[in-house]
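Working notes for the structure below.
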Amino acid sequence: MGRRISKSNIGLKRGTVKLVSYDQKWLQSFLLEQKKLSKIFSLDALEIQHVGSTAIPGIQAKPIIDIVLVVNSLQKVTNHEKKLKAIGYQKKKNDLRKERLFFTKGPEESRTHYLHIGESGSNYVLDMILFRDYLRNHKKEARVYSKLKEQLANKYKNSREIYTAKKAKFVKNVIKKAKKSKK
């Protein structure tokens, strides 16, 4: 199964895929970042949530903590960029997704956190939260996802773009199911 990458089981070289078993320390890492981000964003942060596979107990995950920060306006984020940089976050330049701002933490050899910032009501942030919640509540589906990820990670360990693209259909189907179950 998964191998430990470092003492804290967090961090992965940019562009690569390596899965590890769920680690309860991921929640602690998220909570630490949540506290820092809350301090920086104050009232501009409507929500700060742990998303992605590291937020779903029992499944294999790339050891990078995904965080969603929901704001009223992406324009206000520019007021906080210097403070984000001071705690180690770098803004992705030339991001093609206009509905978000994306920041990474950690050097390219060991990315530790991804910060996804989106506006309230945006499908971008809502879908990540729905996906996480659905898999937390549907263990069988979560195991299927974990298996798929393991197969893809073995095949595409040096191409995260292909790995991500190959699991996109599954992710979209789960989001569709999650939206249907919310009605």
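The values are calculated or read from the model by the stated rules, or taken from the named source; none is laboratory data. All figures in this text were calculated on a predicted structure; none of them were measured in a lab. A quick note on method: Cβ atoms are made from the backbone with ideal geometry, for glycine too, and the neighbour counts reach across all protein chains shown.
Quick check on ILE117: is it assigned to a strand (DSSP E or B), modelled with pLDDT of 95 or more and either more than 15 Å from GLN34 (Cα to Cα) or touching a helix residue (DSSP H, G or I) at 6+ places or on another chain (Cβ under 7 Å) (or both)?
Yes.
Mind checking which pairs have a first residue in segment 170-183 that is basic (Lys, Arg) and a second that is part of a helix (DSSP H, G or I), Cβ under 7 Å, 6 or more apart or different chains?
LYS177/TYR134; LYS179/LEU130
Looking at (1) of a type in the set (S, T, N, Q); (2) modelled with pLDDT of 95 or more; (3) farther than 25 Å from TYR22 by Cα, which is the only condition GLN151 fails?
That leaves (3) as the condition not met.
Given (1) farther than 22 Å from LYS183 by Cβ; (2) touching a Lys or Arg at 6+ places or on another chain (Cβ under 8 Å), where does LYS93 come up short, assuming only one miss?
Here LYS93 clears every test but (2).
Going by the conditions given, is ARG14 surrounded by 12 or more Cβ atoms within 10 Å (Cβ to Cβ), part of a loop (DSSP other than H, G, I, E, B) and out of contact with any Pro (no Cβ under 8 Å at 6 or more places or on another chain)?
yes
Can you name every residue in segment 31-57 that is over 21 Å from ASN72 (Cβ atoms), of a type in the set (Val, Ile, Thr) and in contact with a strand residue (DSSP E or B) (Cβ under 9 Å, 6 or more places away or on another chain)?
Scanning segment 31-57 gives a single hit, THR54.
Out of curiosity, is LEU101 touching a helix residue (DSSP H, G or I) at 6+ places or on another chain (Cβ under 6 Å), touching a residue at least 24 places away in the same chain (Cβ under 8 Å) and within 19 Å of LYS183 (Cβ to Cβ)?
no
Of the numbered conditions (1) touching a Lys or Arg at 6+ places or on another chain (Cβ under 6 Å); (2) at pLDDT below 95; (3) not aliphatic (A, V, I, L, M), PHE103 satisfies every one except a single condition; which is it?
For PHE103, the failing item is (2).
Could you tell me whether segment 104-111 includes any residue that is under 13 Å from the mean Cα position of the chain (by Cα) and assigned to a helix (DSSP H, G or I)?
Looking for residues that are under 13 Å from the mean Cα position of the chain (by Cα) and assigned to a helix (DSSP H, G or I), one finds none in segment 104-111, hence no.
Can you tell me how many residues within segment 84-99 are part of a strand (DSSP E or B) and buried (at least 20 other Cβ atoms within 10 Å of the Cβ)?
Of the residues in that region, 1 qualify.
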